[in-house]
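Participant: Mind looking over this structure? Questions follow.
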């Protein structure tokens, strides 16, 4: 697959900045330090992109192609020129979420959580999950949080070990945020809309506020 090159101003030789997940990072700041050309000229395009949100890390763009007309693949592209680095077929379809952390490209869809080697696309581990609405990755601890209407599950990105699970907050209205060793989530707590905080280490309740 060849990218379409059409630009008077190419991307910087050494792109900087990351957007490894929804919200840019585990804290959901929606901001990142990046290098960019002085004008927004088209550098490249690729038909690997569909309607799913990509993630960017270490000069690589990670995305999925889960539309019914495709083969349900996770795909890595060079951020500089769009050339395909690897493609791993997962035979999946429908909604999915992707994060990059701890040398893993982690994809969640249906009731599956799959980790691929971020450099080669080799499948490292697979775990069954309840369901998924959002994925959140904490770079400092290599933890992946699976958020759904049933609560939050925490997995270690390196090997897929499930660290903890909590159903204190259900029907989450947004992706949880991670900050200073805490996981913050807004959802239904004992029948009331609440903001809840949990320990990132073990998932224990810290506090709730309606």
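The values are calculated or read from the model by the stated rules, or taken from the named source; none is laboratory data. Note that the structure is a prediction, hence the values are computed from the model and not measured. When we count neighbours, we look across all protein chains shown, and the Cβ atoms used for this are built from the backbone with ideal geometry, even at glycine.
Participant: Can you tell me which condition residue 161 does not meet? The list is (1) closer than 27 Å to residue 58 by Cα; (2) within 16 Å of the chain's Cα centre (by Cα); (3) modelled with pLDDT of 90 or more, and all the others hold.
Facilitator: Only one criterion in (1) closer than 27 Å to residue 58 by Cα; (2) within 16 Å of the chain's Cα centre (by Cα); (3) modelled with pLDDT of 90 or more is unmet by residue 161, namely (2).
Participant: Which one of these is over 16 Å from residue 121 (Cβ atoms), modelled with pLDDT under 85, surrounded by 14 or more Cβ atoms within 10 Å (Cβ to Cβ) and over 13 Å from the mean Cα position of the chain (by Cα): 38, 15?
Facilitator: Details: 38 fails: surrounded by 14 or more Cβ atoms within 10 Å (Cβ to Cβ).
When all the criteria are applied, what remains is 15.
Participant: Within segment 116-146, track down each residue that is under 25 Å from residue 180 (Cα atoms) and in a strand (DSSP E or B). Break it down stepwise before answering.
Facilitator: Step one: list which residues in segment 116-146 are under 25 Å from residue 180 (Cα atoms), which gives 132-146.
Residues satisfying the conditions are 134, 135, 136, 137, 138, 143, 144, 145, 146.
Participant: Filter segment 198-210 down to the residues that are buried (at least 19 other Cβ atoms within 10 Å of the Cβ) and part of a strand (DSSP E or B) and list them by number.
Facilitator: 198
Participant: Suppose we filter segment 80-113 for residues that are without any contact (Cβ under 8 Å) to a residue 40 or more places away in the chain and either part of a strand (DSSP E or B) or in contact with a helix residue (DSSP H, G or I) (Cβ under 8 Å, 6 or more places away or on another chain) (or both); how many remain?
Facilitator: Residues flagged as without any contact (Cβ under 8 Å) to a residue 40 or more places away in the chain and either part of a strand (DSSP E or B) or in contact with a helix residue (DSSP H, G or I) (Cβ under 8 Å, 6 or more places away or on another chain) (or both) within segment 80-113 amount to 7.
Participant: Another question about this same structure. Please enumerate the residues belonging to segment 155-181 that are assigned to a strand (DSSP E or B) and either within 12 Å of residue 143 (Cβ to Cβ) or touching a residue at least 60 places away in the same chain (Cβ under 8 Å) (or both). Reasoning before the result, please.
Facilitator: Initially, segment 155-181 is screened for residues assigned to a strand (DSSP E or B), giving 155-156, 162-166, 170, 177-179.
Listed by number, the residues that qualify are 155, 156, 162, 163, 164, 177, 178, 179.
Participant: May I pose another question? Please verify whether segment 27-35 includes one or more residues that are in a loop (DSSP other than H, G, I, E, B), at pLDDT 85 or above and touching a strand residue (DSSP E or B) at 6+ places or on another chain (Cβ under 6 Å). Steps first, please.
Facilitator: We begin by selecting, within segment 27-35, every residue in a loop (DSSP other than H, G, I, E, B); these are 27-35.
Now restrict to residues that are at pLDDT 85 or above: none.
Looking through segment 27-35, none of the residues is in a loop (DSSP other than H, G, I, E, B), at pLDDT 85 or above and touching a strand residue (DSSP E or B) at 6+ places or on another chain (Cβ under 6 Å).
Participant: To continue, here is another question. One residue is enough: does segment 132-148 have a residue meeting the conditions in contact with a strand residue (DSSP E or B) (Cβ under 9 Å, 6 or more places away or on another chain), exposed (fewer than 15 other Cβ atoms within 10 Å of the Cβ) and closer than 27 Å to residue 188 by Cα?
Facilitator: Step one: list which residues in segment 132-148 are in contact with a strand residue (DSSP E or B) (Cβ under 9 Å, 6 or more places away or on another chain), which gives 132-148.
Checking which are exposed (fewer than 15 other Cβ atoms within 10 Å of the Cβ) leaves us with 140.
Imposing the further condition that a residue be closer than 27 Å to residue 188 by Cα reduces the set to none.
The answer is no; no qualifying residue exists.
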